[in-house]
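Only the coordinates and a few stated rules stand behind these numbers; no lab work does. What you see is a predicted model, and the numbers here were worked out from it, not measured in a lab.
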Ligand code: GAR
């Protein structure tokens, strides 16, 4: 079983998706620790309800947070760190220490629309497809080898809320999928890309581009 450490700052709906995935028989990972930088993060209640170990590390100085988070994650025997709506920039040394063992989910088809308000950026750019990306974390924000992407259409009458909701539904499917692939040992980092062994786009409707066309499913 791969042991996950999940870092949150807020709502925690992606944490919830990981909790539910880990509860499924045969899922190859378990959540060892939930870390929040905010004591009032609603996501903490999800950790409590699932009887998970949780800790709050108030983010003061970036290096102090990194040292405390690193100690907590190592103490819990974490193999893979999952950023799930963790909205603070991490210390460079912390990112390096967890290189290829830390993943993030971002609500855009990276490398487009990095940073805050990705869905708003997508609407402003007038793109016809949006989505989400799970990637290994590098020190520059929202960069790093891509593991999986989910695609949704942008509708003419979308606003930030409707588009965000459509993307979020895919996030909740994509994150567990990416974690499963990693936990099964199928993801290899090659330069700034990943190679996923046995990747079958057709197995995952709306969860990746097929060789010939873009697969999307209205959600
Ligand atoms: C999600 O949409 C996630 O992709 C985004 O924050 C939201 C957290 O929601 N993350 C980023 O923008 C990171 N750059 P959640 O707390 O309900 O999982």
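Structural remarks
- Tilt relative to the chain, helix 160-183 - C-alpha long axis, 0 to 90 degrees, to 10: 60 degrees
- Rounded to 5, percent antiparallel among DSSP beta bridges of the chain: 50 percent
- GNM on the chain, alpha-carbon springs under 10 angstrom: the most fluctuating residue among 180, 193, 166 is 193.
- By the equivalent-ellipsoid construction on the alpha carbon gyration tensor, region 6-86 comes out with semi-axes of 21, 15, 9 Å, ordered largest to smallest.
- Percent of Cα-Cα distances greater than 23 Å, calculated over the chain: 44 percent
- Of 97, 178, 47, the one that fluctuates the most in a GNM where the chain has Cα springs shorter than 10 Å: 97
- Rounded to two decimals, the Cα-based Rg/Rh of region 38-78, with Kirkwood Rh, is 1.00.
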